[in-house]
1. Mind listing whichever residues of the range A:412-423 are at the interface with another protein chain (Cβ under 10 Å from one of its Cβ atoms) and surrounded by fewer than 23 Cβ atoms within 10 Å (Cβ to Cβ)?
2. Please list, ordered by first then second residue, the pairs with beta carbon atoms under 8 Å, 6 or more apart or interchain, first in the range A:9-28 and closer than 16 Å to A:T58 by Cα, second among the β-branched types (V, I, T) and not in a helix (DSSP H, G or I).
3. Would you say B:V177 is farther than 25 Å from B:V19 by Cβ and part of a helix (DSSP H, G or I)?
4. Considering (1) within 12 Å of chain B (Cβ to nearest Cβ); (2) within 25 Å of B:L135 (Cβ to Cβ); (3) under 14 Å from the mean Cα position of the chain (by Cα); (4) modelled with pLDDT under 90, say which one A:F455 fails and leave the rest.
5. Read through the list (1) assigned to a helix (DSSP H, G or I); (2) in contact (Cβ under 8 Å) with a residue 40 or more places away in the chain; (3) more than 14 Å from A:G268 (Cβ to Cβ), then give the number of the only condition that A:N413 fails.
6. Does the range A:245-264 hold any residues that are buried (at least 21 other Cβ atoms within 10 Å of the Cβ) and not polar (S, T, N, Q), and which are they?
7. May I ask you to list the residues in the range B:283-297 that are buried (at least 20 other Cβ atoms within 10 Å of the Cβ) and under 28 Å from B:L188 (Cα atoms)?
8. How about the range A:424-446: which of its residues are part of a helix (DSSP H, G or I), more than 9 Å from chain B (Cβ to nearest Cβ) and either within 19 Å of A:I57 (Cα to Cα) or not charged (D, E, K, R) (or both)?
Amino acid sequence: MPKFVFLWTDLVLWLVVATVIAYVVHVRRNADLRKTWQHVLHDAPAMSAAVVLIAFITIALLDSIHFRPRLAAVPGAAADASEAYATRTVSPLDLLLRHAVEAREKTYSVPLAYWSFQRETAVVDGREVRELPRLAHGGSHLQDPAREWKPDLLKRSLAGIAGGLVSALLLTFAIAALRDRTAGGWSQSLGEMLRGQTEIPWRAIVLTTAVLSMFVGWLAAVWPVYHPFGTDRTGNDVLFQALKSVRTAVVIGSLSTIATLPLAIALGVLAGYFKGWVDDVIQYFYTVLSAIPPILLVAAFVLLINVYIDRNAENFATGVERAEFRLFLLCLILGITGWATLCRLLRAETLKISELEYVQAAHAFGVSHWRIMRRHILPNVMHLVLIVAVLDFSALVLYEAVLSYVGVGVDPNSSSFGSMINLARSEMSRDPVVWWNLATAFTFMLALVLAANLFADAVREAFDPRARAFRPRRFRLKEAT
Amino acid sequence: MLNYILRRIGYALLILVGVNLLTFTLFFAVNSPDNIARLNIGAKRVSQDAIEKWKAERGYDKPLWFNSKAEGFDKVRQTIFYDRSLRLFTLNFGTSDSGRDIAHEIANRIPASLALAGPMLLLTVFSGIAFALLLVFFRASYLDFWGTVVCVVMMSISSLFYIIMAQWFFGKTLKLVPLSGFVPGLDLVKFLALPLVVGIVFQLGSEARLFRAMLLEEVGKDYVRTARSKGLSEPAVLFGHVLRNAWLPILTHVGALLPYAFLGSIVFESFFGIPGLGTYVVEAIAGQDFAIVHTMVFLGSLLYILAYLATDIAYTFVDPRVRLA
């Protein structure tokens, strides 16, 4: 039995997942909410984005269970010797991609290469020559790399992509068959799906899944023997770093957003409901907070936690625990410094709602303040909370990169897109250019943020009818009279 | 109007007091004056005497909040907090912990910051509005659709990518402009061209999308239909009526951007080696120089408040219906 390590970030992330599931159950039961969410479900870009987001979140969750594997007992040790655990904390993702962690090269290598990046002196036929030595792991299965490399790569890539395509096709048929019960006939169901005539945009979903699964198939074929995105300065696999960074990005995006909610909701509703001096005090607080330039405020808080962590170094058994605690505190800081915007929105909305007749009626019936706020006001401002929360996610993922650059971001030891980009900055001025680190970070970050943005747009459109007017159309609708 | 401005100034002073309290607490929650002294003297083994002398020279030898040894009002006045905060209100910034005159430093750095941030703000807003107008003019067409798609993609890319790629492509590969640096005089254009272009491009996506939404909000209103039914051409409606009415939300947005324009973009200044206020802040954070951080936070919040006041007053010019009271 491995020794589980409970990290704050993991716990909160799983709590978020549980909350989302509970919310989904709640939406299914509630007719109004169901109808609103159907706007999102019927939106093709949003559903494509959802497929990509689910892939990213799966990676993040696989990387969010941490444990220290039990070491094999030393031969000859006493039977009752205490169990020994590895000093490294690992996650299921680490175990799944063990080959990528172990296939460590000396330094940089070009994506998919079998040769090293740096020339070394070797003795060939008694003479010293400078040559590019072969990598220790990448392409090490080839007998004669100069001749076999290209065909091998081509064969593997084709097989992998074909495998991905076949599984995507199988999925398409499976969905068509499942829809068969409601849409008359199997082939008609498939036809409707492919012509884009279904209510839920199955065509977009299936296409996105197909692209994703072809990518995964290609990786499955190529990754075991090559480094598909090259290696970084210390010889680590870049793709593995990128996948580890996904978790950091998801944690920052979701945890920081969650951290803003308690303060923003409580203070916003209180200020809008009680008005008067309560409103004045709360407004004063958030004006002070938003008057300080955000980066300075975050920096001041981060200096504070650095000192705290340094003083309490003995509380953290492993490096991962320390890095994760820092990440957790960083999310809290982003929450504490970022609640003003949502609070202002909620205050304005509460001001409006608390003047409405049904609230007046509740007052007349003698309902307590607390109950009015909880039962009558809070449910009617939740759509704002949801909109701001999904919009904030992508902004925070981008913000993390800037914070890491200024030097107040995540722990230098944990991988994040920000630290990948920072390293890439000096790599771009090398000759030959080391471009794959930046390109990988760019691709993954763009995919994540773009998907989050598209999904957030659909949610906003669903919950804020005014936003629907801003939706771009490819063709002019018949102008309403 | 005068009454309104006076009230706003009173509130502004209250906010500044709050900002001061917060910065002071945050900074001294982790750093004792002894630590600061040790950091600044720099030597490995520092005697307690040297620390005391350093603290006495810079006024760090008093208690933080409350001086129990003093009499009467001096109980509050003879403290670091009082010393450090009150003189900021008279714009007397004093010396940094490393002994340089802060006001002099700031005055030296403002031109560099303004040279980058001023044009950047103007051009960003201008290009954002221009692009948004284009999209709105051709609304519900392929141009609008793909223009918006491009906007969403552009705002999903981190600013750091734009900077690194532009430096690599224009600076290193094409050698059109120097990579980074700053010289006074006409040559400045060469150094500022790249950061300006990158700054505009990276904000274009989010700005244009925002302005497009603001303009579309106006396009849907009744007076636009009336204008059209009078037989006005679409450009006349758009520029003469819609744009004029959209100024109000646009102004609010620009007002919120103003304080950042002055403080300078920290990222841009340090990437392009521009010796402005942003670089100053980064160095101060790295060196834990409280005096500088404190001053910059104060200046930043002062500008934030001024920008909001200026926005409010500008409303009255843009929209005659707005009366400040």
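The values are calculated or read from the model by the stated rules, or taken from the named source; none is laboratory data. As the structure is a computational prediction, the values presented were derived from the model and not from experiment. So basically every Cβ, Gly included, is an ideal-geometry build from the backbone, and we count neighbours across all protein chains shown.
1. A:N422 - this is the single residue of the range A:412-423 that is at the interface with another protein chain (Cβ under 10 Å from one of its Cβ atoms) and surrounded by fewer than 23 Cβ atoms within 10 Å (Cβ to Cβ).
2. As it stands, the answer is A:D10/A:I65, since those pairs meet every condition given.
3. For B:V177, the condition - farther than 25 Å from B:V19 by Cβ and part of a helix (DSSP H, G or I) - is not met.
4. (4)
5. All conditions pass for A:N413, except number (1).
6. A:V246, A:R247, A:A249, A:V250, A:V251, A:I252, A:G253, A:L255, A:A259, A:A264 - these are the residues of the range A:245-264 that are buried (at least 21 other Cβ atoms within 10 Å of the Cβ) and not polar (S, T, N, Q).
7. Those that are buried (at least 20 other Cβ atoms within 10 Å of the Cβ) and under 28 Å from B:L188 (Cα atoms): B:A284, B:I285, B:I292, B:M296.
8. Result: A:S426, A:W436, A:N437, A:A439, A:T440, A:T443, A:F444.
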